[in-house]
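In what follows, a structure is listed as structure tokens, so that the remarks can point back to it.
The values are calculated or read from the model by the stated rules, or taken from the named source; none is laboratory data. Remember, it's a predicted structure, so these values are computed and weren't measured experimentally. Backbone-built Cβ (ideal geometry, glycine too); neighbour counts: all protein chains shown.
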Amino acid sequence: MTYVVTDNCIACKYTDCVEVCPVDCFYEGENMLVIHPDECIDCGVCEPECPADAIRPDTEPDMEKWVEFNRKYSEQWPVITVRKEPLPGAEDRDGEAGKLEKYFSENPGEGS
């Protein structure tokens with residue numbers, strides 16, 4: 001099992017999760033985070049830290065696409081280990097449907 005970040009993170013990018021991760025497997029895009037599925041040790045400490053409920057176990061239905069999505073972008077984006085402020089408007093976009101199509105950016109974040 002591994003944990004992955006889903007589209008609930010897009011345009012919010014809460015980073016509370018990165019500070020509790022014992023193996024630094026989070027990677028930062030311009031407007032979301034991903035988890036490298038091969039680096040995640042399945043400890044689960046990140047999942048309850050996400051206020052947007054964007055971190056899910058890969059054992060849930062239809063998570064295969066998110067495992068591959070997280071793998072792809074974690075190999076392109078820089079690692080993030082320090083908490084940052086969420087994106088402006090994060091509270092307004094939290095839970096919004098269709099965020100992948102509306103807001104997703106392939107651009108890397110700054111990392112830390």
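Observations on the model:
Yes/no per residue for (1) at pLDDT 95 or above; (2) touching a Leu at 6+ places or on another chain (Cβ under 7 Å):
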residue	(1), (2)
Ala11	yes, yes
Tyr14	yes, no
Val20	yes, no
Met32	yes, no
Asp62	no, no
Val67	yes, no
Gln76	yes, no
Lys84	yes, no
Arg93	no, no
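- Checking each residue in region 4-15 for being farther than 20 Å from Met63 by Cβ and touching a Lys or Arg at 6+ places or on another chain (Cβ under 6 Å) picks out Ala11, Thr15.
- The set of residues from region 57-101 being touching a residue at least 40 places away in the same chain (Cβ under 8 Å), basic (Lys, Arg) and over 19 Å from Glu19 (Cβ atoms) comprises Arg93, Lys99.
- Taking region 50-66 as the range and being more than 15 Å from Met32 (Cα to Cα) and not basic (Lys, Arg) as the test, the residues that pass are Pro57, Asp58, Thr59, Glu60, Pro61, Asp62, Met63, Glu64.
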